[in-house]
Structure formats: C-alpha cells, structure tokens
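Enquirer: First, the structure itself, so that you have it in front of you.
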Amino acid sequence: MKNAAVLFLFALMGATALFSGCKKASEKVTEKIIEKSLKNSGASDAKVDLSQGKMSIKTDTGEMVMSTGDSVSLPADFPKDIYVIKGAKIQTALKMPDGYMIQLSIEQEKSKVANTYVSEMKAQGWTSDTSMDTGDTSIRIFKKDKRQTAVNIAKKDSASEVMLTSTTEK
C-alpha cells in the first residue's frame with residue numbers, strides 16, 4: 001500500500017511536468033528525478049516514461065499509467081461493468097496496479113448524475129454499500145465480488161464533476 005501511495009505522489013509530480021507544456025529535455029530530467037526518488041523509496045528498477053501525452057511509471061510492484069488533457073480515453077482494460085455516464089468528458093484516466101481513477105465532467109445536475117449511477121451500477125450487478133450527500137457533494141460506494149467502486153460527484157455551477165475510483169482487494 002505504501003508503494004501505491006508513493007507511486008501516486010510521483011504520478012502527480014510527473015503529470016505537472018508532462019502536462020504543463022514541458023519540452024523533451026525537461027521530460028527526460030523529470031523522468032530521471034522521479035526514477036531516482038522511487039529507487040530511494042525502496043522501489044527497484046523504476047522506469048518513468050513521459051511521452052505520447054501519458055505518464056507511465058513501472059516498478060517491481062507494478063505499473064501506473066496516467067493520461068490527462070483534451071483527448072483522454074478510458075484505459076483499454078477498464079472494466080466494462082463500471083458505468084461511465086453517457087455524455088461525460090473524460091478529463092483524467094489513471095491506471096494503477098490495484099485499480100483505476102477516472103475524472104469526468106458532465107453538463108448534468110449532481111442529483112441526476114447520482115441517481116443515474118445508482119440505477120446503472122445496480123444493473124451491472126453491483127450492490128450499493130454507502131450513500132452520502134453533503135450539500136454540493138454526493139458519494140456512492142458500490143461493491144461487487146472483491147472490487148469496490150466509489151463515485152464522488154461534486155456540483156460545479158450547473159454541471160457536475162465525477163471521480164470514479166475502483167480498487168480490487170488482494
């Protein structure tokens with residue numbers, strides 16, 4: 001779990017360099033800094049690649065790939081039984097060794113998005129585990145087999161921001 005947290009922090013650091021318009025030389029320097037930091041944190045044979053509009057971090061414990069920008073798509077192996085609301089724009093897609101994190105934006109009211117997720121996830125065989133509404137935010141947690149998917153929906157003006165986080169128990 002510690003390695004996953006370290007990978008995530010370095011992913012954010014690399015994403016800042018990658019997606020802020022840095023050039024090739026800067027990407028290579030950032031790759032080397034992240035690789036050295038990962039190795040100092042206990043990961044052996046860390047490899048970082050900041051090319052093709054993605055960031056990939058590979059270590060002995062797994063691989064994490066992050067995409068962000070105007071033309072993001074779901075990872076090819078994203079589970080088909082996790083509902084992605086129709087009409088949403090994918091802003092960020094992060095594939096981690098034990099799951100996925102997808103950030104979406106949609107021009108729909110928060111309550112409508114939350115209700116859609118409840119019905120669509122149940123239709124895919126998920127059971128509702130937790131439901132919480134706190135003003136501008138709704139959280140729904142679903143379980144299926146050894147997997148858990150959290151849907152965090154935040155009001156943004158008349159639209160909504162959705163964060164899907166799916167993990168698998170080991």
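The values are calculated or read from the model by the stated rules, or taken from the named source; none is laboratory data. Nothing here was measured: the structure is a model prediction, and the numbers come from that model. All Cβ positions, even for glycine, are placed from backbone atoms using ideal geometry, and neighbour counts span all protein chains on display. The area values use the complete protein model at the heavy-atom level, side chains included, leaving out ligands, DNA and RNA. Shrake-Rupley method; radii C 1.70, N 1.55, O 1.52, S 1.80 Å.
Enquirer: In contact with a Phe, Trp or Tyr (Cβ under 9 Å, 6 or more places away or on another chain) and either open to solvent by 20 Å² or more (accessible area, probe 1.4 Å) or in contact (Cβ under 8 Å) with a residue 60 or more places away in the chain (or both): does that describe Glu169?
Expert: no
Enquirer: Would you pick out the residues in the stretch 74-97 that are part of a loop (DSSP other than H, G, I, E, B), closer than 24 Å to Lys155 by Cα, out of contact with any Phe, Trp or Tyr (no Cβ under 9 Å at 6 or more places or on another chain) and open to solvent by less than 70 Å² (accessible area, probe 1.4 Å)?
Expert: If the condition is that a residue be part of a loop (DSSP other than H, G, I, E, B), closer than 24 Å to Lys155 by Cα, out of contact with any Phe, Trp or Tyr (no Cβ under 9 Å at 6 or more places or on another chain) and open to solvent by less than 70 Å² (accessible area, probe 1.4 Å), then Ala88 is the only one that fits.
Enquirer: Output yes when any residue across the stretch 37-51 is over 18 Å from Ala154 (Cβ atoms), in a helix (DSSP H, G or I), open to solvent by 20 Å² or more (accessible area, probe 1.4 Å) and among the polar types (S, T, N, Q), and no when none is.
Expert: Yes, some residue in the stretch 37-51 is over 18 Å from Ala154 (Cβ atoms), in a helix (DSSP H, G or I), open to solvent by 20 Å² or more (accessible area, probe 1.4 Å) and among the polar types (S, T, N, Q).
Enquirer: Please work out which residue is surrounded by the most Cβ atoms within 10 Å (Cβ to Cβ), limiting yourself to the stretch 52-70 and to residues that are over 16 Å from the mean Cα position of the chain (by Cα) and assigned to a strand (DSSP E or B).
Expert: Thr59
Enquirer: Does Lys122 satisfy the criteria of being surrounded by fewer than 15 Cβ atoms within 10 Å (Cβ to Cβ) and at pLDDT 95 or above?
Expert: yes
Enquirer: Within the stretch 11-23, does at least one residue satisfy the condition of being at pLDDT 50 or above, among the charged types (D, E, K, R) and open to solvent by 50 Å² or more (accessible area, probe 1.4 Å)?
Expert: no
Enquirer: Return yes or no: is Ile82 of a type in the set (A, V, I, L, M), under 18 Å from the mean Cα position of the chain (by Cα) and farther than 30 Å from Leu38 by Cβ?
Expert: The answer is no for Ile82.
Enquirer: Pick out, from the stretch 98-170, the strands (runs of 3 or more DSSP E) lying fully within it that include 3 or more residues that are of a type in the set (Val, Ile, Thr).
Expert: 127-134, 137-144, 147-156, 159-168
Enquirer: Starting from the stretch 59-86, keep only residues that are at negative phi and among the charged types (D, E, K, R), then list their pairs with residues that are open to solvent by 60 Å² or more (accessible area, probe 1.4 Å) and in a strand (DSSP E or B) whose Cβ atoms are within a distance under 8 Å, requiring at least 6 positions of separation or different chains.
Expert: Pairs found: Glu63/Lys95; Asp77/Lys95.
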